[in-house]
Amino acid sequence: MEPQLLHSVDDSVATVVIHHPAKRNAMTAEMWRALPPLLDGLAADPAVRALVLTGEGSTFCAGADISTLRESPERAQRLAVLAEEALAAFPKPTLAAVRGHCVGGGTQLAAACDLRFAEESALFGVTPAKLGVVYPASATRRLVALTGPAPAKYLLFSGELIDAARALRTGLADEVLPDGELDKRVAEFTRILVSRSLLTQAAAKEFANGRTDRDAHWTGQARAGGDTAEGVAAFLERRAPRFGWNVTDRG
């Protein structure tokens, strides 16, 4: 099978799989280019309420395919930044499920997700210093926001890999699971995500990402969309809420 991004939708959760096992799921130029339109389609799908990004087999993503850097490092970086920004802007909750190596462009993609769950044996690294490549400003800012300046500098200056326990301590990982338990936990957690109000999640995502001038917009969405009324009614009636707002409904 050619290097590609595979995707499926099940129980309101879209799963995108980085598939290039011959090179530990390294991202080719075509894969970087394919990610934004794929995400656009999933964002517009009302059946999708959360997204999981993962890698084929035992590796998340070993970064950019080095052959693309030989051809044109500037073009490869532009494509990677566009893909990263599209993932960060996805209007529904996103979760990176990390096994094995999550390195370079892999960490760039994982950091662009809202949350990162990893197996204990996972390894994280940001390795452009080994290649003389300038890590993009957008990816650097996102890494600093997650880990703080000193851990980000450690990763960027050294290019060394860190284990999942250290990633958890620095904020690069949000949960670390014993090997073999990642899929179960991701399925469990995404069931929780899709049962909650997507309106609340979308507003919180905007605010957390720095868009803090939209209180009135989201108050109007809450009033018009019915999620607040449904949530209060469900609480008082001691039943599970049936939230109906979707990002396709927003003005």
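I need the calculated FRET efficiency for the pair residue 175 and residue 1, taking r as the beta carbon distance and R₀ as 51 Å, to the nearest 0.05.
Between residue 175 and residue 1 the formula returns 0.95.
Compare the Cα positions of 216, 12, 91 along the charge dipole of the chain (+1 at Cβ of Lys, Arg; -1 at Cβ of Asp, Glu; about the Cα centre) and return the one farthest towards the positive end.
Value: 216.
On the Cα set of the range 85-185, report Rg and Dmax in Å, please.
12.8, 39
Give me the mean projected area, in nm² to one decimal, of the convex hull enclosing the Cα positions of the range 197-249.
In nm², the orientation-averaged hull projection of the range 197-249 is 3.7.
Any chance you could tell me what percent of the C-alpha pair distances in the chain go past 28 Å?
33
Counting other Cβ atoms within 10 Å, keep those with at most 15, restrict to DSSP loop, and tell me which trypsin sites (Lys or Arg not before Pro) in the range 181-251 are left. Don't jump to the answer; show the numbers that get you there.
Working: sites: 184, 185, 191, 196, 205, 211, 214, 223, 238, 239, 242, 250; in loops: 196, 211, 214, 238, 239, 242, 250.
For trypsin sites (Lys or Arg not before Pro) across the range 181-251 that sit outside H, G, I, E and B with at most 15 neighbouring Cβ atoms in 10 Å, the list reads 211, 214, 238, 239, 242.
Enumerate the calculated ³J(HN,Hα) couplings along the range 24-38 in order (Karplus 6.51 cos²θ - 1.76 cosθ + 1.60, θ = phi - 60°), each rounded to whole Hz, writing x wherever the residue is Gly or Pro.
With coefficients 6.51, -1.76 and 1.60, one gets 6, 6, 5, 8, 7, 4, 5, 5, 4, 5, 6, 5, x, x, 4 Hz.
Longest exposed-loop-site-free stretch of the chain, with GluC sites (Glu not before Pro), DSSP loop and at most 16 other Cβ within 10 Å? Each step should come with its number before you reach the end.
Values: sites that count: 120, 160, 181.
Longest run free of exposed loop sites: 1-119.
Can you divide the C-alpha Rg of the range 35-119 by 2.2 N^0.38 Å and report the result to two decimal places?
1.10
Under a crude label model (7 Å from the Cα following the beta-carbon direction), how far is residue 138 from residue 121 in nanometres?
3.4
Every number in this text was worked out from the coordinates using simple rules, so none of it is lab data. Computed from a predicted structure; not experimentally measured. For neighbour counting, all protein chains shown are included, and Cβ atoms are generated from backbone atoms with ideal geometry for every residue, glycine included.
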